[in-house]
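Structure, as C-alpha cells:
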Amino acid sequence: MRKFLSVCLLLAGVSAIALWVLSRPVPLANDAMAGLTGNPDNGEMVFWAGGCASCHADPDAKGEDKLVLSGGYRIDSPFGTFIAPNISPGPAGLAGWSSLDLANALKAGVSPENTHLYPSLPYTTYIRMSLQDVADLKSFLDTLPVSDQPSLTHELSFPFNIRRGLGLWKLVNLTPDWVLTDPPSPEVERGRYLVEALGHCGECHTPRDVTGGLDRSQWMQGAPNPSGKGKIPAIDPQSLKWSAGDIAYYLETGFTPDYDSAGGQMTKVVESIAHLSSEDRSAIAAYLKALPETN
C-alpha cells in the first residue's frame, strides 16, 4: 500500500511538472526582429486594417480622438468582461516596449513580463502577421498622442483569472495555419492576409468550440454575440449573397445593397477599413467570395 501511494504521488508530481512546462509562456526568439526597420506609413495601414482604434480608443471617441488609444472598451463574454488597455506611447501604455515586445504580444500572446495575455487581444489572428508589419505598426504607434489614462483590470472569476492556464489553451487554439489554404489569385491572397492575419473578422463571425477557440470548420458562418444579445451574421458565400462590389462598397461606406447601414461594433470596423485603399477593400471582398461553400 505504501509503495502504491508513493507511485501515485510520483505520478502526480510528474504530471504537475509536465503541465507547468506545457503551460509556460513561449515568446518569439530574441532575435526575431533583428534587422527590421519600421515604416510608419505602412504601419498606419496595419493599424487601420488591424482595427486597433475599434477597441483601444475611448468608446465615445470621434475623429482624430480615435488616435488617442486610452483603452476602456469592455468586451463581455461567457468568461467575464475584458477591458481593452491603454496602448498609447506613454507611461500608462506602451512606453518602453520594443518592437519585439509588441511582436510577442501580437503573435505569441506574451507580455514583456513573460506572462500570458488573454485572447481578447486576438493574437490567434495576429499570429499570421508578418514581422515587418509588426515593426511598421510599432513605428506608427510611437507617433500617436499619449494618454495617461490607467488601464483597467479585466473582470474575470475563477478559474479564468489564472493566466497560466492559457498556455494549455494556446496549445489547442494558437496556430499559424491559414484557413483558406490555396488562394486562387494574388488579389484573394492579399484579401486572405487582410482578413486572416490583420482584420480578425473570424473572431466575431465564426462560432467557437467548447474551449472558447474558433471552430474553423464553420469559418465565417455566424456566431452568437458574446454579450448574449443577438447573433453575429454569417458572411460565408452561402449566406452572404452580395456581389464583391457590394461588399467592397459596404466596407467603404457602411451602406448595404438594401439601403440599410452598419450598426453596433460593425460601425467602428467600417470606419477603420474605410482608411484602406480601394484595392484592399476589393481584396477583402474577393477573399470572402472565394471561400468554399458548405453543404
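The values are calculated or read from the model by the stated rules, or taken from the named source; none is laboratory data. Just so it is clear, the model here is predicted, and its values are computed rather than measured. As a convention, Cβ positions derive from the backbone with ideal geometry for all residues, glycine included, and neighbour counts pool all protein chains shown. Just so you know, the surface numbers come from the protein's heavy atoms only, side chains and all, with ligands and any DNA or RNA stripped out. Shrake-Rupley method; radii C 1.70, N 1.55, O 1.52, S 1.80 Å.
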- open to solvent by 30 Å² or more (accessible area, probe 1.4 Å) and part of a strand (DSSP E or B) - does that describe any residue in the range 242-256? yes
Scanning the range 98-131 residue by residue, those within 15 Å of L168 (Cα to Cα), open to solvent by less than 30 Å² (accessible area, probe 1.4 Å), outside any helix (DSSP H, G or I) and hydrophobic (A, V, I, L, M, F, W, C) turn out to be V110
Among D101, D142, the single one that is touching a residue at least 24 places away in the same chain (Cβ under 8 Å) and acidic (D, E) is D142
Within the range 44-102, of all residues that are out of contact with any helix residue (DSSP H, G or I) (no Cβ under 6 Å at 6 or more places or on another chain) and at positive phi, the one modelled with the lowest pLDDT is G63
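Tally the residues that are under 24 Å from A283 (Cβ atoms), part of a loop (DSSP other than H, G, I, E, B) and touching a strand residue (DSSP E or B) at 6+ places or on another chain (Cβ under 6 Å), restricting the search to the range 201-220. Give the derivation first.
From the range 201-220, those under 24 Å from A283 (Cβ atoms) are 201-206, 214, 216, 218-220; that's our starting set.
Subsequent filtering for residues that are part of a loop (DSSP other than H, G, I, E, B) retains 201, 206, 219-220.
Adding the requirement that they be touching a strand residue (DSSP E or B) at 6+ places or on another chain (Cβ under 6 Å) leaves 206.
The total comes to 1.
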Within the range 60-82, does at least one residue satisfy the condition of being in contact with a Gly (Cβ under 6 Å, 6 or more places away or on another chain) and either part of a loop (DSSP other than H, G, I, E, B) or surrounded by fewer than 16 Cβ atoms within 10 Å (Cβ to Cβ) (or both)? no
When every residue in the range 257-270 that is without any contact (Cβ under 8 Å) to a residue 12 or more places away in the chain and more than 23 Å from K66 (Cβ to Cβ) is compared, the one least open to solvent (accessible area, probe 1.4 Å) is D260
In the range 153-200, anything in contact (Cβ under 8 Å) with a residue 40 or more places away in the chain, within 16 Å of A286 (Cβ to Cβ) and either more than 15 Å from the chain's Cα centre (by Cα) or not in a helix (DSSP H, G or I) (or both) is listed as W178, V179, L180, P183, P184, S185, E187, V188, R190, G191
Tell me, yes or no, whether the range 273-285 has at least one residue that is in a loop (DSSP other than H, G, I, E, B), crowded, with 19+ Cβ neighbours inside 10 Å and at pLDDT below 90. no
Taking the range 42-62 and the residues there that are without any contact (Cβ under 8 Å) to a residue 12 or more places away in the chain and charged (D, E, K, R), the one that is nearest to T143 (Cα to Cα) would be K62
Restricted to the range 176-196 and to residues being hydroxyl-bearing (S, T, Y) and exposed (fewer than 15 other Cβ atoms within 10 Å of the Cβ), the residue farthest from A244 (Cα to Cα) is T181
Return a yes/no flag: does the range 136-156 have any residue that is crowded, with 18+ Cβ neighbours inside 10 Å and closer than 30 Å to A244 by Cα. yes
Reported set for the range 286-295 where residues are open to solvent by less than 60 Å² (accessible area, probe 1.4 Å) and outside any loop (DSSP other than H, G, I, E, B) is A286, Y287, L288, A290
